[in-house]
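Let me begin by presenting the structure, written as structure tokens, before commenting on it.
The values are calculated or read from the model by the stated rules, or taken from the named source; none is laboratory data. All figures in this text were calculated on a predicted structure; none of them were measured in a lab. Note that each Cβ is placed from the backbone with ideal geometry, even for glycine, and that neighbours are counted across all protein chains shown.
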Amino acid sequence: MIDINITLEDGTRVCGWEADTPLTPFAPTDNYYITYKQVFSEEECKEWNDYLLEQEPLLLAEHITSSGDGLTGVGPNTITSRYGYFNVLSFDFHLVAKLKAEIIKGVKTILELSNNRSWTDTLYANSWFNVLRRGEGMDVHAHGYHKHSFYGFHLSINAKETATSYFHPIKFEMSAFHIPNKIGELTLFPAYVSHGVSENRHEAHRVSIAGDIKTSSWLDDPTYGQEGLQKLAVEVGTV
Ligand SMILES: [Fe+2]
């Protein structure tokens, strides 16, 4: 496998892993692209931050039980563990439309990079947010390895000296990328690439918006068994 570490013309940084030309029938052929790019200004993130921290206690009061913390280790009392009850992309907040547009732009970049230019679909997403207080981090976890796997995303809203680490999907392949969480940066990663967040050592909360992008066929699949999330998913746009 070849480590990817490039910057595209529009400023998008790309890391991940690309397979070398296979020389046997069993050599690896999979490619994994992780992209990150500044899409919101510090001022816009301040607006997001204040809005989300206002929503946090309201949502916790409205949804008193955990929907699971997705193996992040953040526990049942966090806003992360209410991800099954709301969708940030349904919030009546003026920066939501821009976030949707940036997600679509990012997916288009990845389709281009991976030679999938002709692939088209209407995409949907579930989205939640995370607030890590001093001493809190996130255990290594992934968002789903199955036939509908697509991309996950996260947007750093407030961050000081934390990083998100992305690990090679093949166990015992030790390669990893440690990407500092920078305010306003949107990261897109294959849903099954495992990742974790380093401990927040500062008083300032580490706030991020996260989500899973889903295809129209996932949304229409009644056998998939995530009915609650399917109902909450909203249309993001068309690629
Ligand atoms: Fe995650």
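Considering the range 80-181, there are no qualifying strands (runs of 3 or more DSSP E) wholly inside with 3 or more residues that are within 14 Å of the ligand (Cβ to nearest atom), modelled with pLDDT under 95 and crowded, with 20+ Cβ neighbours inside 10 Å. Do we find a residue being at pLDDT 95 or above, surrounded by 18 or more Cβ atoms within 10 Å (Cβ to Cβ) and assigned to a helix (DSSP H, G or I) anywhere in the range 59-70? No, the range 59-70 contains no residue that is at pLDDT 95 or above, surrounded by 18 or more Cβ atoms within 10 Å (Cβ to Cβ) and assigned to a helix (DSSP H, G or I). Out of I157, I170, one residue alone is of a type in the set (V, I, T) and farther than 22 Å from S127 by Cβ. It is I170.
Among the residues of the range 203-239, those identified as touching a His at 6+ places or on another chain (Cβ under 8 Å), closer than 22 Å to S81 by Cβ and at pLDDT 85 or above are S208, I209, A210, G211, D212, K214.
Applying a threshold of 6 Å to beta carbon distances and a minimum spacing of six or more residues, or different chains, the list of pairs starting in the range 140-169 at a residue that is among the basic types (K, R) and ending at one that is more than 12 Å from the ligand (Cβ to nearest atom) and part of a loop (DSSP other than H, G, I, E, B) reads K160/H202; K160/A204. In the range 175-231, the residue that is farthest from S156 (Cα to Cα) out of those that are in contact with a strand residue (DSSP E or B) (Cβ under 7 Å, 6 or more places away or on another chain) and acidic (D, E) is D212.
Within the span defined as the range 68-75, every residue fails to be of a type outside the set (A, V, I, L, M) and more than 16 Å from the ligand (Cβ to nearest atom).
Is it true that some residue in the range 213-225 is outside any helix (DSSP H, G or I) and within 16 Å of the ligand (Cβ to nearest atom)?
yes
Restricting G11, G73 to residues that are under 28 Å from A176 (Cβ atoms), assigned to a loop (DSSP other than H, G, I, E, B), in contact with an Asp or Glu (Cβ under 6 Å, 6 or more places away or on another chain) and not polar (S, T, N, Q) narrows the list to G73.
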